[in-house]
Amino acid sequence: QLERSCPEQAELPWRQQGTEDIAEWIRRSGGYISPSLVIDTGPLGRGIFATAPIAQGEAIVSVPVDLIIKEGDHPCSTVEKLRQELLLGECSFYWPYLRSMQHVAVDIPNAWGSDELVLLDGLPSEGWRKHTGLYQGDCPQVTGGPPIDDAFAMRALMLYVSRSGPLGMQPYFDLFNHG
């Protein structure tokens with residue numbers, strides 16, 4: 001792993017404390033994660049799991065809006081923002097969130113190799129290609145930024161397509177529809 005120097009962001013708490021997990025980051029930032037919830041892996045994959053009963057109406061998660069990765073009104077702007085944060089790595093304000101997704105494989109057809117895509121022959125491609133196709137074509141015009149053709153841009157796009165919610169990239173919430 002590349003060692004980065006982040007002098008202008010030296011005050012970021014996880015830079016002094018070593019590792020900080022996503023739940024600690026959310027709590028320290030004024031959010032709430034029920035002590036009954038954990039991120040784990042089960043038979044259907046990685047997701048949020050309850051370790052104790054949760055009462056009806058009980059608050060289980062609250063994430064401050066400033067921890068959500070969102071930029072502008074167009075998804076392409078958020079994809080570009082996410083790309084920039086991925087490029088910053090541990091120097092990013094969002095590092096505890098980004099680190100929680102660092103080794104997560106995005107298993108959607110857009111990320112498959114050509115041998116795997118053969119399995120989809122005969123299916124309408126507008127269904128499984130519509131999101132990435134739109135972003136790959138539209139994003140450079142919308143953001144004025146680079147096309148989605150480098151590894152960080154593609155990773156940002158895949159994470160956005162597979163994990164974003166209506167407000168953008170929402171830490172912790174993005175795991176509720178998995179596993």
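The values are calculated or read from the model by the stated rules, or taken from the named source; none is laboratory data. These figures come from a predicted structure and were not determined experimentally. Cβ: placed from backbone, ideal geometry, glycine included. Neighbour counts: every protein chain shown. SASA here: full protein model, heavy atoms, side chains in, ligands and nucleic acids out. Shrake-Rupley method; radii C 1.70, N 1.55, O 1.52, S 1.80 Å.
Taking amide H atoms as placed 1.01 Å from N in the peptide plane, the amide H of Glu71 lies under 5 Å from those of Thr78, each 5 or more residues away in sequence or on another chain. Around the amide H of Leu37, modelled in the peptide plane, lie the amide H atoms of Thr51, all under 5 Å away and 5 or more residues distant in sequence or on another chain.
Exposure check, 1.4 Å probe, all protein chains in place: Ser100 carries approximately 30 Å² of accessible surface. In this structure Leu167 has an accessible area near 90 Å², from a 1.4 Å probe over the protein heavy atoms. At 1.4 Å probe size, what's the solvent-accessible area of Lys70? Round to the nearest 10 Å². Approximately 90 Å² for this residue.
Once the convex hull of all Cα atoms in the stretch 44-106 is built, its volume per residue stands at 153 Å³. Here the calculated FRET efficiency for Ile108 and Phe49, from their Cβ-Cβ distance with R0 = 30 Å, stands at 0.85, rounded to the nearest 0.05.
Shown is the FRET efficiency for Ala59 and Leu88, computed with R0 = 22 Å from the Cβ-Cβ distance and rounded to the nearest 0.05: 0.10. Note on Phe152 and Asp66: with the Förster distance fixed at 30 Å, the Cβ-Cβ geometry gives a FRET efficiency of about 0.85. Legend: residues Asp21, Asp115, Asp73, sorted from most to least accessible area (1.4 Å probe; ligands, DNA and RNA excluded), read Asp73, Asp115, Asp21. Here each label is just a point 7 Å from Cα along the line to Cβ, and for His74 and Asp21 those points are 3.9 nm apart.
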